[in-house]
Amino acid sequence: MTETPDDDLKPSFRSDVSVELVKHAASDTDVLWAARVSTAGEQSLDELKKDPERSKGLINYLMRDRHGSPFEHNSMTFFISAPIFVFREFMRHRVGWSYNEESGRYRRLQPVFYVPGEDRRLVQEGRPGKYVFVPGTQEQHDLTARVMEESYRQAYASYQEMLAAGVAREVARSVLPVGLFSSMYATCNARSLMHFLGLRTQHEEAKVPSFPQREIEMVGERMEEQWARLMPLTHAAFNANGRVAP
């Protein structure tokens, strides 16, 4: 099937990501309910809420001693827009996660591409396993933006040319770079999210250092903000115990 080129589809460039919490069944009460069934049997939600300090202490105990399963009885679904290379790192996280990403086989991909913002550290110093990123010069930032934008425009023009010639979308997409924005639904529970955050964010309270790529850290930070509002006691215990998933 030949596709007519859309002259209105001009490449656009972003330096941010977006994360939307689209649905959830997640609260601190879910953790308490799951944990207390082992000693008290079934309890009503009203009963669980009677003693807030006891509830806070129980969640902290579970986190501290790494009793992880009570943190699995909840669900959060996020809609995420980010560069493809972020999703390829994301999908290394398999336990407790479900993904559905937009398909370049079945739809024409939109020309939205990632270009680092001025605050993105560009220069890596040091050897593997012991390195830091430092700010680049203005010349390096200008070069990066110019070269990436030129490359993206050429790649998308080639993509449209092949579609117009009748080449299948699943073949034509091969010329598009990993800086192209994609979107997906990602569903997880609090335990799997904590494991993700422990690896993909840097935090002053973390016992174990992590060295995430900044772009996936941006996604993690936005997910954490929304999770913290849903499960404040669990989030506080996660931080208080070194940000190590139970």
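The values are calculated or read from the model by the stated rules, or taken from the named source; none is laboratory data. All figures in this text were calculated on a predicted structure; none of them were measured in a lab. Virtual Cβ from ideal backbone geometry, glycine too; neighbours counted across all protein chains shown.
Of all the criteria given as (1) within 20 Å of VAL17 (Cβ to Cβ); (2) of a type in the set (A, V, I, L, M); (3) outside any loop (DSSP other than H, G, I, E, B); (4) out of contact with any Cys (no Cβ under 9 Å at 6 or more places or on another chain), the one not satisfied by MET223 is (4).
If we scan segment 176-186, do we find a residue that is out of contact with any strand residue (DSSP E or B) (no Cβ under 8 Å at 6 or more places or on another chain), free of Cβ contacts under 8 Å to residues at least 24 places away in the same chain and not aromatic (Phe, Trp, Tyr)? Scanning segment 176-186, I find no residue that is out of contact with any strand residue (DSSP E or B) (no Cβ under 8 Å at 6 or more places or on another chain), free of Cβ contacts under 8 Å to residues at least 24 places away in the same chain and not aromatic (Phe, Trp, Tyr), so the answer is no. Candidates ARG121, ARG107, ARG127: the one that is more than 25 Å from LEU193 (Cα to Cα), touching a helix residue (DSSP H, G or I) at 6+ places or on another chain (Cβ under 9 Å) and surrounded by fewer than 11 Cβ atoms within 10 Å (Cβ to Cβ) is ARG107.
Residue under question is GLY104, and the condition is that it be within 30 Å of LYS207 (Cα to Cα), touching a Ser or Thr at 6+ places or on another chain (Cβ under 9 Å) and outside any helix (DSSP H, G or I); does it hold? It is false that GLY104 is within 30 Å of LYS207 (Cα to Cα), touching a Ser or Thr at 6+ places or on another chain (Cβ under 9 Å) and outside any helix (DSSP H, G or I). If you check GLU170, GLU215 for being over 16 Å from the mean Cα position of the chain (by Cα), under 26 Å from LEU109 (Cα atoms) and of a type in the set (Asp, Glu), only one passes: GLU170.
Only one entry in ALA190, ALA172 is of a type in the set (A, V, I, L, M), more than 25 Å from SER27 (Cα to Cα) and surrounded by 15 or more Cβ atoms within 10 Å (Cβ to Cβ), namely ALA172.
If you filter segment 34-70 down to residues that are more than 17 Å from ALA236 (Cα to Cα) and at pLDDT 90 or above, you find that the one that is surrounded by the most Cβ atoms within 10 Å (Cβ to Cβ) is ALA35. Taking each residue of segment 12-23 that is over 19 Å from ASP142 (Cβ atoms) and looking for partners that are basic (Lys, Arg) and surrounded by 15 or more Cβ atoms within 10 Å (Cβ to Cβ) with beta-carbon atoms closer than 8 Å, six or more apart or interchain, yields VAL17/ARG222; SER18/ARG222; VAL19/ARG222.
Starting from segment 203-230, take each residue that is under 18 Å from PHE87 (Cα atoms) and in contact (Cβ under 8 Å) with a residue 12 or more places away in the chain and list its partners that are in a helix (DSSP H, G or I) and of a type in the set (Gly, Ala, Ser), counting only C-beta distances under 8 angstrom and pairs at least six apart or across chains. What qualifies is PRO212/GLY220.
Scanning segment 121-167 for residues that are among the aliphatic types (A, V, I, L, M) and touching a residue at least 12 places away in the same chain (Cβ under 8 Å) returns LEU122, VAL123, VAL134, ALA145, MET148, ALA155, MET162, LEU163, ALA164, ALA165. Taking helices (runs of 4 or more DSSP H) as the structural unit, no element lying wholly within segment 130-208 holds at least 2 residues that are acidic (Asp, Glu), at pLDDT 95 or above and under 30 Å from ARG229 (Cβ atoms).
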